[in-house]
1. On a full-extension model of 0.36 nm per residue, what is the gain between F74 and V112, subtracting their alpha-carbon distance, rounded to one decimal in nm?
2. Using the Cα centre of region 28-67 as the reference point, and only Cβ charges (+1 on K/R, -1 on D/E), how large is the resulting charge dipole? Debye, rounded to the nearest 20.
3. Once you list every other residue whose beta carbon is under 14 Å from the beta carbon of R81, what net charge do they have if Lys and Arg are +1 and Asp and Glu are -1?
4. Under the 0.36 nm per residue contour assumption, what length would be gained going from the current alpha-carbon distance of Q50 and E119 to full extension?
5. Among all the lysines, which ones have a C-alpha under 16 Å from K88's C-alpha, if same-chain residues fewer than 8 places away are not counted?
6. Can you tell me which of 117-126, 35-44, 78-87, 61-70 comes out highest on packing, and rank the rest after it, using the mean Cβ neighbours within 10 Å?
Amino acid sequence: MKFFALLVVASLSLSAMASTPKELDIDVNFATESTVIHQQYRDQVQRLAQFLKKNPETRIEIKGYADETGDAAFNQDLSKRRAEAIRKMLVEDYDIAPDTVSAAGIGETDKVSPHDGTEGKYRNRRVEARVL
């Protein structure tokens, strides 16, 4: 079973912060060709929601990525739908203001790892949350 990784580069601190981070840390995986966020990952999205509630002026963008498996157009759409799934959960389940979270699908571009094996593909199936 292949997974989509929701991975963001820097750590998110929910304690009082002197400044807002540029990148927020969240780790969620999706099954192949799926946008379902499994129960085991809800705490990751909840952590992001808590940060946004403590920093209501903050606006973020969720960017979805995919590996090169399959058609590029499909991967573009899939990465967008996965980013939208996180956005939807933030808005609907955690009452985050819709205008503070945007979602974008990047597809299979902007790799963080070579696509030469299972691990490389896994690492490229990710989402990043960035402060705008």
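Every number in this text was worked out from the coordinates using simple rules, so none of it is lab data. Since this is a predicted model, take the numbers as computed values, not measurements. Virtual Cβ from ideal backbone geometry, glycine too; neighbours counted across all protein chains shown.
1. On the way: separation 38, 0.36 × 38 = 13.68 nm, distance 1.98 nm.
Working it through step by step, the gained length comes to 11.7 nm.
2. Numbers: 6 positive and 5 negative charges, 57 e Å.
Using only the charged Cβ atoms, the result is roughly 280 debye.
3. On the way: positive: K63, K80, R82, R87, K88, R125; negative: E33, D77, E84.
Cβ neighbours under 14 Å give a net charge of +3.
4. Taking Q50 through E119 to full extension adds about 21.8 nm, to one decimal.
5. Cross-link targets: K53, K63, K80.
6. On the way: 117-126: 17.5, 35-44: 13.7, 78-87: 22.8, 61-70: 21.2.
Going from most to least packed, we get 78-87, 61-70, 117-126, 35-44.
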